[in-house]
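**Student:** This is the structure, below, for whatever I ask next.
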Amino acid sequence: MKLLLKTWIFILLYIPLTAMAKPQFESHQVIKQLAHEHLLKLINDSDGEYQLSVQNIDPRIKLKKCPAPIYIQLTTEHIKTGKNTLKVSCPSSQPWRIFISAQVKLFTSVIVTKHPLAKGQQIQAKDLILQRTDVTLLRSSYHTDKQQLINYIVKRRLKRGEVINNRHLAKAILIKRGAMVNILAKSKGFKISMQGVALNNASKGELIKVKNSKSKKIIQGVAIDSQTVRVTL
């Protein structure tokens with residue numbers, strides 16, 4: 001009976017004390033979650049799918065319970081893919097602060113080769129596919145629209161599944177030096193067409209020098225298609 005009474009007294013005394021006890025230190029897991037939520041607010045989901053990972057805080061670090069809301073901010077002006085650093089601080093009469101890093105990965109659909117492409121090959125739609133890719137580690141540009149790459153020339157051999165960037169590409173030659181072309185001269189109210197000879201190679205939209213077959217005058221225009229150069233008077 002006495003043993004039972006002592007047990008009840010212990011329970012009645014111990015439970016209220018433990019219920020009233022408050023943790024003296026901040027939970028590292030809670031701080032990580034706050035940092036994760038802060039980063040989510042800074043991300044533009046329209047860019048693609050992001051993956052965030054916040055580093056663990058050294059378990060030896062003890063941070064006193066903050067009486068005010070914990071303040072979190074980036075150490076840089078904008079969030080970026082790759083490594084980011086966050087300052088976590090307690091704005092109180094007994095302040096503390098720590099710095100933690102977070103890794104931000106961006107996955108999006110980019111253009112890759114559907115099969116190997118040979119050096120000098122002209123790209124067609126059938127050569128390209130979209131593939132979900134972690135672009136965080138890509139050191140060069142990438143493309144998301146197939147139409148932007150059609151008719152470009154590959155400057156080196158590309159293996160299957162390779163991300164295509166601007167360094168791989170060269171514009172296809174539309175008009176070759178020595179080719180006979182139609183010179184189309186336009187001005188307000190009139191249009192003149194004459195024959196000429198291309199004096200240099202040019203891709204679509206590039207400047208090209210041509211010699212008028214009759215007057216022998218050299219003029220500069222823009223390559224419109226394989227047989228037409230437009231000149232503005």
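The values are calculated or read from the model by the stated rules, or taken from the named source; none is laboratory data. Computed from a prediction, not measured in an experiment: that's the story for all the values here. Virtual Cβ from ideal backbone geometry, glycine too; neighbours counted across all protein chains shown.
**Student:** When you check Phe99 against the structure, is it aromatic (Phe, Trp, Tyr), modelled with pLDDT of 95 or more and surrounded by fewer than 12 Cβ atoms within 10 Å (Cβ to Cβ), yes or no?
**Tutor:** Considered against the rule, which asks whether it is aromatic (Phe, Trp, Tyr), modelled with pLDDT of 95 or more and surrounded by fewer than 12 Cβ atoms within 10 Å (Cβ to Cβ), Phe99 comes out as yes.
**Student:** In this structure, does Ser203 turn out to be more than 28 Å from Tyr152 (Cβ to Cβ), surrounded by 12 or more Cβ atoms within 10 Å (Cβ to Cβ) and without any contact (Cβ under 8 Å) to a residue 60 or more places away in the chain?
**Tutor:** no
**Student:** Looking for whichever is assigned to a strand (DSSP E or B), without any contact (Cβ under 8 Å) to a residue 24 or more places away in the chain and either out of contact with any His (no Cβ under 7 Å at 6 or more places or on another chain) or farther than 21 Å from Tyr152 by Cα (or both) here; the options are Lys191, Lys214, Lys186. Which one fits?
**Tutor:** Going through Lys191, Lys214, Lys186 in turn, just one is assigned to a strand (DSSP E or B), without any contact (Cβ under 8 Å) to a residue 24 or more places away in the chain and either out of contact with any His (no Cβ under 7 Å at 6 or more places or on another chain) or farther than 21 Å from Tyr152 by Cα (or both): Lys191.
**Student:** While we're looking at this one, here's another question. Restricting attention to region 102-118, which residues are surrounded by fewer than 18 Cβ atoms within 10 Å (Cβ to Cβ) and either in contact with a strand residue (DSSP E or B) (Cβ under 6 Å, 6 or more places away or on another chain) or outside any loop (DSSP other than H, G, I, E, B) (or both)? Quick ask: steps written out before the conclusion?
**Tutor:** Initial filter on region 102-118 (surrounded by fewer than 18 Cβ atoms within 10 Å (Cβ to Cβ)): 103, 105, 107-109, 114-116, 118.
Of everything in region 102-118, those that are surrounded by fewer than 18 Cβ atoms within 10 Å (Cβ to Cβ) and either in contact with a strand residue (DSSP E or B) (Cβ under 6 Å, 6 or more places away or on another chain) or outside any loop (DSSP other than H, G, I, E, B) (or both) turn out to be Gln103, Lys105, Phe107, Thr108, Ser109, Lys114.
**Student:** Follow-up question, since we're still on this one. Looking at (1) under 18 Å from the mean Cα position of the chain (by Cα); (2) modelled with pLDDT of 90 or more, can you tell me which one Pro116 breaks?
**Tutor:** That leaves (1) as the condition not met.
**Student:** Within region 1-57, how many residues are surrounded by fewer than 10 Cβ atoms within 10 Å (Cβ to Cβ), of a type in the set (Ser, Thr, Tyr) and at pLDDT 60 or above?
**Tutor:** 1
**Student:** Which of the residues spanning region 78-96 are surrounded by fewer than 16 Cβ atoms within 10 Å (Cβ to Cβ) and within 17 Å of the chain's Cα centre (by Cα)?
**Tutor:** Result: His78, Lys80, Gly82, Lys83.
**Student:** In the list Ser89, Ser141, which residue meets the criterion of being out of contact with any Ser or Thr (no Cβ under 8 Å at 6 or more places or on another chain), among the polar types (S, T, N, Q) and under 18 Å from Ala35 (Cβ atoms)?
**Tutor:** After ruling out the rest, the residue left standing is Ser89.
**Student:** Select from region 138-184 the residues that are of a type in the set (Val, Ile, Thr) and surrounded by fewer than 13 Cβ atoms within 10 Å (Cβ to Cβ) and list them in ascending order.
**Tutor:** Thr144
Residues are listed down the side, and each one gets a yes or a no for (1) part of a strand (DSSP E or B); (2) free of Cβ contacts under 8 Å to residues at least 12 places away in the same chain; (3) among the polar types (S, T, N, Q); (4) outside the structural domain of Asp145 (by the TED database):
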| site | (1), (2), (3), (4) |
| --- | --- |
| Leu34 | no, no, no, yes |
| Lys41 | no, yes, no, yes |
| Asn56 | no, no, yes, yes |
| Lys62 | no, no, no, yes |
| Ile72 | yes, no, no, yes |
| Glu77 | no, yes, no, yes |
| Ser89 | yes, no, yes, yes |
| Gln94 | no, no, yes, yes |
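**Student:** Could you please find all residues in region 123-137 being without any contact (Cβ under 8 Å) to a residue 40 or more places away in the chain, closer than 23 Å to Gly82 by Cβ and surrounded by 16 or more Cβ atoms within 10 Å (Cβ to Cβ)?
**Tutor:** Thr133, the sole residue that qualifies.
**Student:** Now, a different point. Somewhere in region 61-73, is a residue buried (at least 16 other Cβ atoms within 10 Å of the Cβ) and under 27 Å from Arg139 (Cβ atoms)?
**Tutor:** Within region 61-73, none of the residues are buried (at least 16 other Cβ atoms within 10 Å of the Cβ) and under 27 Å from Arg139 (Cβ atoms).
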